[in-house]
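What follows is calculated from the coordinates using simple rules that are stated; it is not laboratory data. All figures in this text were calculated on a predicted structure; none of them were measured in a lab. Neighbour counts run over all protein chains shown; Cβ positions are idealised from the backbone, glycine included.
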Amino acid sequence: MKILSAEQIRAADAYTIQSQNLRSEELMERAGITIFNWLHQQLNGSPVTLHIFCGIGNNGGDGLVVARHLLEHGYKIQVYVVNYSDKRSQDFLINFDRLKEQKVWPEILKEKSPMPDIQDGDIVVDAIFGTGLNREPSPWVGRLMQDLNSGKNLLVSIDIPSGMFLDKPSDLGRVIHANYVLTFQHPKLVFFLPSTGSFCEQWVALDIGLDEAFINSLDTDYELIGYHEIRPLYRFRSKFSHKGTFGHAVIAGGSHGKIGAIKLAAEACLRSGSGLVTAYVPGCGLNPLQSSIPEVMVLTDGEEKEIREIKIPFQPTVVGIGMGMGTSKPSLAAFRSFLEGWSSPVVVDADGLNMLAKEKAMLKLLPPLSVLTPHPGELERLIGSWKNEFEKLEMAREFVKKVGCILVIKGAHTIVLDKEKGYVNTSGNPGMATAGSGDVLTGVITGLLAQGYTPLEAALMGVYVHGRAGDLCLQAQSMESLTAGDIIIQLGTAFREFYLEDSTQSNEEEGE
């Protein structure tokens, strides 16, 4: 699903109005009815009071349409106009008059107006500012929004939480903290960023009939990735395939006390479909790995506590490297030497990333389209510090273009970047913020690369399946108890969701 910029949203509105021969207030009416229908479906005639706060632009006009339809269906409403300017949009004025025709005169709120009386349990509908906001709200409007946030009420924002900019940082002290955001047609990037996403607890994309052919023609910077986007990437296995068909992956890393990272990555690599997996570790890892994962072969470099040399006596399909490896001078030299002699994409995580940050000249040694999987701290060491999430993404995109890699920025909504665009993942939950979860992700991506998925496909599918496995864990346990090992156990079920649909289709084709 495409994530549109503010400019693209305006263009989609304008194109829809022109192509469907609409007046702008007719599109506003359609949007308001869609919002009303969602509210009506949830409330089902409940006697609760709804307080609708409307700005004086088009978002406020949407709120006035919602208020009118709520009134016509018997709901108890209170309507307020937040009078932050002398200018009003034409469509706002049209719907203001329509509401007055229903004998409803909204209360006009100005700088020194008292805070409206809102009882605990009432519902607040926020239609103050929309996606067209381009400057910080006035201090008094900010105080109004803070008062709304402090109440014990369900807060529902229309399209975007008021006060939030779409494409740049916001003063988060002047932003509505919405329990629900009822957004039009497509989600917004700010719903998924750490600094702003917490202001959008839940979002729902409502179809208001914007021209999808036009939207599909737009080249967006970001796309939202879920099951329906990942499902077409899945490759059904041939009946006559064998273990050699699915590649031989090497998982390299580990050090004294950190062999568990390699154990997790190697097992995840196996459970993601790699035909063969070899772990390359220091001597201290031989016995633990051979006894805990008999399916995995083990190589050591002869050193007991840390890797000092990486010499693989065969040609693996792919290498995942860095987990638990440490950053000592001998390990760094071994890593550098490995990169100098390796030409296919690698998956680099953890201490591999820290060594790249420590000696940035090694970035030039990375094979094209290698997959790097940093958490926020590792990312900052790689690209430098940032002032806000938008700057972080710009810096990350420049890094990707310069290095020629695939960058997996781990987080609540992991973002995968290639040189063309960013892909925002939808699976996963806070329980996955646990030791070893990143090692599992590296194993999954490495396993997919071993089977012949492209680096971008492996990163996208790996991130989604990893998150989906974490979600499946919650069917039987709490977020607090979730471990990286639990995620590995659920990988099979996550992949099976693709397989069952493909298997049914394959059987139907054979029957024909």
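Data table
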quantity: Residue-wise HN-Hα coupling along segment 227-242, computed from phi with Karplus coefficients 6.51, -1.76, 1.60 (Hz; x: Gly, Pro); calculated: 4, 5, 7, 7, 3, x, 7, 5, 10, 6, 7, 5, 4, 9, 6, 9
quantity: Rg to Rh quotient for segment 242-505, alpha carbon positions, Kirkwood Rh; calculated: 0.95
quantity: Amide H contacts of I406 (H built 1.01 Å from N, under 5 Å, at least 5 apart or other chain); calculated: L369, S370, V371, L372
quantity: Relative contact order %, segment 242-505, counting alpha carbon pairs below 8 Å whose residues are six or more apart; calculated: 20 percent
quantity: Computed label-point distance, nm, for sites A361 and D147 using a 7 Å Cα→Cβ extension; calculated: 6.3 nm
quantity: Charge dipole of the chain about the Cα centre (unit charges at C-beta), most positive-ward option of V65, M432, L379; calculated: L379
quantity: Integer Hz, Karplus 6.51/-1.76/1.60 couplings in order for segment 456-469, x for Gly and Pro; calculated: 5, 4, 5, 5, 5, 5, x, 5, 5, 5, 4, x, 5, 4
quantity: Helix-only CD estimate at 222 nm, as mean residue ellipticity for the chain, using -39500 (n - 2.57) per DSSP H run (n ≥ 4); calculated: -13000 deg cm²/dmol
quantity: In segment 152-218, trypsin sites (Lys or Arg not before Pro) in a DSSP loop with at most 13 other beta-carbon atoms within 10 Å; calculated: K152
quantity: For segment 250-310 versus segment 374-449, the gap between their alpha-carbon centres in whole angstrom; calculated: 24 Å
quantity: Unit charges on C-beta of K, R, D, E only; dipole of segment 1-76, Debye; calculated: 120 debye
quantity: 0 to 90° range, to nearest 10: angle between helix 437-450 axis and the chain longest Cα axis; calculated: 70 degrees
quantity: Under 5 Å, built H, 5+ apart or other chain: amide partners of T426; calculated: I225
quantity: Counted charge near V277, where neighbours are those whose Cβ lies closer than 9 Å (Asp, Glu -1; Lys, Arg +1); calculated: -2
quantity: Burial ranking of peptide ranges 54-66, 422-434, 461-473 (average Cβ count within 10 Å, highest at the top); calculated: 54-66, 461-473, 422-434
quantity: Positive minus negative residues near G142 (Lys, Arg vs Asp, Glu; Cβ under 14 Å); calculated: -2
quantity: Coarse-grained scattering of segment 394-443 at q = 0.21, 0.23, 0.28, 0.29 Å⁻¹, given as base-10 log I(q)/I(0) from a Debye sum over alpha-carbon atoms; calculated: -0.78, -0.87, -1.05, -1.08
quantity: Cα-based helix-to-principal-axis angle, 259-271 vs the chain, degrees rounded to 10; calculated: 80 degrees
quantity: Which of Y234, F191, Q290, positive extreme of dipole for the chain (C-beta unit charges); calculated: Q290
quantity: Rounded to 10°, Cα long-axis angle of helix 389-403 versus longest principal axis of the chain; calculated: 40 degrees
quantity: Cβ-placed point charges (K, R +1; D, E -1), dipole of the chain about Cα centre in debye, nearest 20; calculated: 1100 debye
quantity: Ranking of F240, F246, F390 by count of other Cβ atoms within 10 Å, fewest first; calculated: F240, F390, F246
